[in-house]
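S.K.: One structure follows; several queries about it will come next.
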Amino acid sequence: MSESIELSLETMPHSLTMEQAVIGGLLTGDGWEDVSGLLTEQDFYSPRHAVMFRAIAAMSAIGLPIDPLHMLDWLISNQLDSLAGGEEYLGDLIKNTPATTHNLRSYATRVRDLSVRRRLAVIGEEIRAMAADGARELPDLLSESDALVSGLLAGRVGSGIRMTGGVQLMRDVFNDAIRASDNPGISGITTGLSELDEKSDGLQKGNSIVVAAPPSMGKTAFAMSLVLAALPHVKHPIVVFSMEMPALDIGRRMVANVSRTSYTSIKRGFVFSENGGADGSRMTQRMSVLQTENLIICDESGLTPAMMRAVLRGIAKRHGGISMACVDYIQLMDANKALPNNRNQELTAISRDIKRMAMDFNMPFIAISQLTKDVEKAKRRPTNGDLRESGAIAQDADMILMVHRQEKYEANPGHEHVGKAEIIITKNRNGECGTVHCGYDGATFRFYELGPESW
């Protein structure tokens with residue numbers, strides 16, 4: 001840490017009174033469950049209070065009663081009593097503790113908030129130092145700066161790390177089961193295909209879902225079908241990062257899908273020509289489902305995970321959350337330039353960041369991925385080993401959906417596979433794998449249900 005940062009720490013935000021209230025409240029009341037998930041010893045400005053909090057955490061872990069006498073004994077046994085201020089300071093702290101501990105969580109929250117402010121000040125010094133380094137490229141500087149702040153906001157620095165005790169966890173499981181009983185069915189967001197919903201239990205919050213296929217097989221169309229199926233059922237926005245095609249093209253595809261109108265007719269204006277008739281009317285009526293603030297398309301190219309996180313954070317702040325995100329496609333994303341010039345390592349970092357964003361924003365994150373050329377050459381069904389450039393994509397994903405259309409490899413126009421597709425679940429952490437059969441209409445980029453007799 002630089003000297004300027006060390007000097008600034010002396011006047012950084014803190015409240016010794018609040019810290020004393022937290023330690024004293026823990027020693028005189030029963031509030032460890034409420035506080036343990038909010039604070040770590042690094043959140044305390046005073047080294048004395050940090051040592052005391054360490055002692056309380058250790059006592060709780062080994063089942064000792066949390067009270068002044070047991071803590072003093074623990075401190076002496078571990079030769080930390082002098083660092084904690086000794087028996088005299090402990091006595092003064094207890095004496096000055098508020099009579100009631102009902103506000104203990106509020107005190108702890110204030111201590112945590114002040115800790116975050118101090119860390120933010122340190123990050124500010126680090127960013128200032130980086131900005132003064134003329135050798136750093138501006139895109140790298142912005143990405144690294146955002147990553148520093150994002151890490152703090154995401155709770156990966158000290159006090160903000162999410163922890164849930166067993167008592168609270170079981171309460172959450174029970175309450176969630178009660179809520180689910182009001183509307184029995186899949187627990188995740190529907191995919192629009194009943195067989196896929198049955199196997200996957202829907203698209204789950206916190207999950208990274210990879211949609212993969214060779215070029216022109218329909219992976220983008222299928223991912224957009226998932227977005228469209230989810231759109232009527234979500235409370236917060238669905239964000240689509242499209243780095244391969246502009247937002248207008250994505251919009252045309254979506255309108256073609258929901259209105260059952262040819263993409264070509266929409267793009268060329270035939271729907272509103274003299275012969276368009278019913279197509280134009282149907283398109284106008286059905287595209288209203290897409291006129292919602294819950295659909296956001298970002299068609300900026302060359303996005304890094306840090307830039308995506310910044311976009312998602314801003315949207316979540318404005319709208320109260322995010323229901324789902326989708327990126328088209330992983331291999332077009334840029335990595336942090338500070339990484340070694342190794343594309344496999346870059347894709348590994350990107351894949352891990354996507355999983356983290358799914359967790360941090362508590363949403364399904366659909367990531368479209370290319371496959372190696374071996375699949376096309378062999379004209380076969382894909383496997384996880386065909387994911388292009390990085391094995392981490394398969395490793396980090398909670399679910400992998402491979403899009404396969406045998407008709408792409410058939411020379412005979414009248415073959416049995418015309419208009420049919422397979423969604424092959426090659427990985428599913430929380431459900432079964434297998435193949436889902438469905439129909440595909442290339443004119444409207446639509447995947448749809450097929451009866452068993454149709455396959």
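S.K.: Arranged by the count of other C-beta atoms within 10 angstrom, fewest first, what order do THR28, THR261 take? Mind showing how you got there, number by number?
M.R.: Details: THR28 17, THR261 24.
With the fewest neighbours first, THR28, THR261 line up as THR28, THR261.
S.K.: If you don't mind, another one. Roughly how big is the range 187-454's charge dipole about its Cα centre, with Cβ charges of +1 (Lys, Arg) and -1 (Asp, Glu), in debye to the nearest 20?
M.R.: My answer is approximately 500 debye.
S.K.: Going Cα to Cα from LYS205, which aspartates and glutamates come in below 14 Å? Please leave out same-chain ones fewer than 8 positions away.
M.R.: ASP176, ASP360, ASP398
S.K.: While we're here: Out of all DSSP beta bridges with both ends in the range 187-454, state the antiparallel percent to the nearest 5.
M.R.: Taking every DSSP beta bridge within the range 187-454, about 45 percent pair in antiparallel fashion.
S.K.: Mind ranking 262-268, 91-97 by how tightly packed they are, going by the mean number of other C-beta atoms within 10 angstrom, highest first?
M.R.: 262-268, 91-97
S.K.: A further question follows. In the range 410-449, which trypsin sites (Lys or Arg not before Pro) are in a loop and have at most 16 other Cβ atoms within 10 Å, using DSSP for the loop call?
M.R.: Listed in order of number, the matching sites are ARG429.
S.K.: Also, I was wondering about something else. If you average the alpha carbon positions of the range 317-333 and of the range 54-91, how far apart do those two centres end up, in angstrom?
M.R.: 47 Å
S.K.: For the range 187-454, what is the relative contact order in percent, using Cα pairs closer than 8 Å and at least 6 residues apart in sequence?
M.R.: After rounding, I find 28 percent.
S.K.: Go through ASN103, SER60, LEU93 and say which Cα lies farthest out towards the positive end of the charge dipole of the range 45-116; charges sit on Cβ, +1 for Lys and Arg, -1 for Asp and Glu.
M.R.: Highest projection toward the positive end goes to ASN103.
S.K.: For a protection proxy built on the mean count of beta-carbon atoms within 10 angstrom, sort 187-198, 60-71 highest first, please.
M.R.: 187-198, 60-71
S.K.: For the ranges 133-142, 76-85, 14-23, what's the packing order if you count other beta-carbon atoms within 10 Å of each residue, average per peptide, and put the highest first?
M.R.: Per-residue Cβ counts within 10 Å, averaged per peptide and sorted highest first, yield 14-23, 76-85, 133-142.
S.K.: Sticking with this structure for a sec: So which of LYS219/LYS317; LYS373/LYS408; LYS219/LYS420; LYS379/LYS420 end up more than 19 Å apart, counting from Cα to Cα?
M.R.: Distance filter (> 19 Å) returns LYS219/LYS317.
Values quoted throughout were computed directly from the atomic coordinates according to the rules given, and no laboratory measurement underlies them. Note that this is a predicted model, so its numbers are computed, not measured. Virtual Cβ from ideal backbone geometry, glycine too; neighbours counted across all protein chains shown.
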